[in-house]
Amino acid sequence: MKVAVVGATGLVGGEMLKVLAERNFPVTELLPVASEKSVGQEIEYQGKKYKVVSMDDAIAARPAIAIFSAGGSVSKEQAPRFAEVGTVVIDNSSAWRMDPTKKLVVPEINAKEITADDKIIANPNCSTIQMVVALNKLHEAYKVQRIVVSTYQSVTGTGKKAVDQLMQERAGQTASNPAYPHPIDLNVLPHIDVFEDNGYTKEEMKMVKETKKIMGDDNIRVTATTVRIPVMGGHSESVNVEFELEFEMEDVFRILRNTEGVEVVDDVANNRYPMPKDAHGRDAVLVGRLRRDETQPRTLNMWVVADNLRKGAATNAVQIAEAMLKMGLLQEVAATV
């Protein structure tokens, strides 16, 4: 299968190539795509060198699938061009997520909604993905009414520029090209993306809106505070969730242990709980610190951690492609191009 990776030279693009290889996705021809200044550069995939090609050349090659991680403006402009030639686009930006004509997919939850007519599919926000993976089966059992979530997000979510800033500051230097308006080392920034008129950031509102769309329930109330911390390896979340139905803690543990994509790490007697360093490089969503909220009924506290570059981005995108392949949708596309 001919596969294009758009944004192949970036942090997430590199992770997408790694995940495609690890999961043995049937790539017969790889088309790494990046900005014009990167065209001609070489990247390595499964021991072979590939030259970065231009957007136009990739579209002309009519790949079966194009996985995008090149930012919203590029996606808005270029994804429809790929779709027009029959390519299925899986887009990692926020460009299409809330478009009512586009599916917003976390495969463990709603892959079955994808059809052969879906040529542009949105990959959700990294923070939303890990939270809904942890909550979906509990929602089916007890019906989520309200979520209060605070995030503790890795600098890798901003990209290489932010990683460089952290490393330079950690070395005692002033960042030469900072990604943030303040130092990030030895600091915490309650500010991810731009602030909106309601006082929330765009990242916070993504979690509010995307959760409802993915879980198919507009009645779920979500309030979020998203925070950047000087960590690499994964995003962490403190999630307080109120259900409509009463629950027993042993049933919560059982449901989560049987939830696809979730690993329960909850042994406080031995200081075992989810941490970014343990999520790094893995696809599992780690869940722990499970305990009843003693201040109000039917409410659960949980701590959720995942590698934001993997399950929060690259792995979820590749899993969407795998689901489409399994359903025969990519084969149909490949046959028509």
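The values are calculated or read from the model by the stated rules, or taken from the named source; none is laboratory data. Please read these numbers as outputs of a predicted model, since none were measured by experiment. So basically every Cβ, Gly included, is an ideal-geometry build from the backbone, and we count neighbours across all protein chains shown. For accessibility, only protein heavy atoms count, side chains too; no ligands or nucleic acids. Shrake-Rupley method; radii C 1.70, N 1.55, O 1.52, S 1.80 Å.
So the values come out like this:
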quantity	calculated
Answer residue from the stretch 95-128, given it is assigned to a helix (DSSP H, G or I) and β-branched (Val, Ile, Thr) and is farthest from the chain's Cα centre (by Cα) among those	Ile109
Residue in the stretch 215-236 that is acidic (Asp, Glu) and either modelled with pLDDT under 95 or surrounded by 18 or more Cβ atoms within 10 Å (Cβ to Cβ) (or both) present	no
First in the stretch 162-176 and hydroxyl-bearing (Ser, Thr, Tyr), second anywhere and surrounded by 12 or more Cβ atoms within 10 Å (Cβ to Cβ) and not in a loop (DSSP other than H, G, I, E, B), Cβ under 8 Å, 6 or more apart	Thr174/Gln168; Ser176/Asp164; Ser176/Gln168
Ala224 vs. criteria touching a strand residue (DSSP E or B) at 6+ places or on another chain (Cβ under 8 Å) and either hydrophobic (A, V, I, L, M, F, W, C) or part of a helix (DSSP H, G or I) (or both)	yes
Only one of Lys137, Lys160 that is basic (Lys, Arg) and at pLDDT below 95	Lys160
Answer residue from the stretch 279-334, given it is small (Gly, Ala, Ser) and in a strand (DSSP E or B) and is farthest from Ala4 (Cα to Cα) among those	Gly288
Asp164, sole failed condition from (1) within 20 Å of Pro276 (Cβ to Cβ); (2) open to solvent by 30 Å² or more (accessible area, probe 1.4 Å); (3) touching a strand residue (DSSP E or B) at 6+ places or on another chain (Cβ under 7 Å)	(3)
Residue within the stretch 295-305 that is of a type outside the set (Val, Ile, Thr), surrounded by fewer than 20 Cβ atoms within 10 Å (Cβ to Cβ) and under 16 Å from the mean Cα position of the chain (by Cα) present	no
First in the stretch 317-328 and closer than 15 Å to Lys18 by Cα, second anywhere and part of a helix (DSSP H, G or I) and β-branched (Val, Ile, Thr), Cβ under 7 Å, 6 or more apart	Val318/Val19
Tally of residues being under 24 Å from Gln319 (Cβ atoms) and touching a Gly at 6+ places or on another chain (Cβ under 7 Å) across the stretch 261-298	9
Residues that are polar (S, T, N, Q) and either open to solvent by less than 10 Å² (accessible area, probe 1.4 Å) or in contact (Cβ under 8 Å) with a residue 24 or more places away in the chain (or both), drawn from the stretch 54-88	Ser69, Ser75, Gln78, Thr87
Subset tally (residues that are assigned to a strand (DSSP E or B), crowded, with 21+ Cβ neighbours inside 10 Å and touching a residue at least 40 places away in the same chain (Cβ under 8 Å)) for the stretch 1-53	4
Residue that is most open to solvent (accessible area, probe 1.4 Å) [pool: residues in the stretch 89-101 that are over 24 Å from Arg23 (Cβ atoms) and at pLDDT 95 or above]	Pro100
Qualifying positions in the stretch 155-174 - in contact with a Leu (Cβ under 6 Å, 6 or more places away or on another chain) and not in a loop (DSSP other than H, G, I, E, B)	Val155, Thr156, Lys160
